[in-house]
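A quick write-up on the structure given underneath.
The values are calculated or read from the model by the stated rules, or taken from the named source; none is laboratory data. Just so you know, these numbers come straight off a predicted model, no measurement behind them. Here the Cβ is made from the backbone with ideal geometry for all residues, glycine too, and neighbour counts use every protein chain on show. Note: areas computed on protein heavy atoms with side chains; ligands, DNA, RNA excluded. Shrake-Rupley method; radii C 1.70, N 1.55, O 1.52, S 1.80 Å.
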Amino acid sequence: MSAVSDVWEREVLSRVLEYGMRGVDPVRHEVLAPVQGRVLELGFGTGASLPHYGPGVTELVAVEPAIQLAAIGRARLERFAAERSVPASLLTASATRPLGLDAGSFDTVVILFVLCSIKHVDEALAQAHQLLRPGGSLVLAEHVAADADTVRAQAQRLVRPAWKLALGGCDPHKSLDGTLERHGFDVAGLEHRELGLPWVVRSGLVGSAVRR
């Protein structure tokens, strides 16, 4: 990582994630409060999800490839583990590559506002499916591409290059249509809804998908 990227990640991107995403805190709470058992969170960032986990979590393994974000998140995760008296650990690694974790060993995989920034979504979802036990849940909240031929979809395509450059690769017009089903998930528990984000990225997909 270059010195410029390092500073940008630590001083700018971390603040965007901290303050610019506060509008989706109710969604985070909604999907995380019921989570049970051994949990894997992909794209942990600075740990903004931690206050929203309910008492059912028995272990939390977090994955974050961005070194500066992981440094912030690790300190918070250590406090979380101490306060909740549950084991917790953080892997500074990419969710698109093998993580060295046992297949079928997690009850829940959490992915919140991360897939928009991942180039190789198929690899990340394949790994999530592999690490979940059969019948386990993929808890998901993402902003997604707006319906085709709408003003919002046109705006997403227009701002896409600058948006991705400024926000760590975040794609405002990423579609997940058919992607989860292709990787072996039942998506009946997911719904499209408006998110508490800026208008251009307000189209969302929220809920849980079950590993078949």
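For the stretch 101-207, taking Cα atoms only, what is the radius of gyration to one decimal and the Dmax to the nearest whole Å?
14.4, 45
Compute the projected area of the convex hull of the Cα atoms of the chain, averaged over all viewing directions, and report it in nm² to one decimal place.
Mean projected area of the Cα convex hull: 10.9 nm².
Give me the percent of accessible area attributable to carbon and sulfur for the stretch 68-121, probe 1.4 angstrom.
49
With contacts defined as alpha carbon pairs under 8 Å and 6 or more residues apart, what's the relative contact order of the stretch 143-202 in percent?
Normalised by residue count, the contact order of the stretch 143-202 is 37 percent.
Could you tell me the center-to-center distance, by alpha carbons, between the stretch 152-184 and the stretch 120-138 in angstrom?
Taking the Cα centre of each part, the stretch 152-184 and the stretch 120-138 sit 20 Å apart.
Given charges of +1 on the Cβ of Lys and Arg and -1 on the Cβ of Asp and Glu, with all other atoms neutral, how large is the dipole of the stretch 92-159 about its Cα centre, in debye to the nearest 20?
Dipole size: approximately 160 debye.
Counting only heavy atoms of protein chains, what accessible area per residue, in Å², does the chain have with a probe of 1.4 Å?
For the chain, the per-residue accessible area is 47 Å².
In whole percent, what relative contact order does the chain give with Cα contacts below 8 Å and a gap of six or more residues?
This gives 19 percent for the chain.
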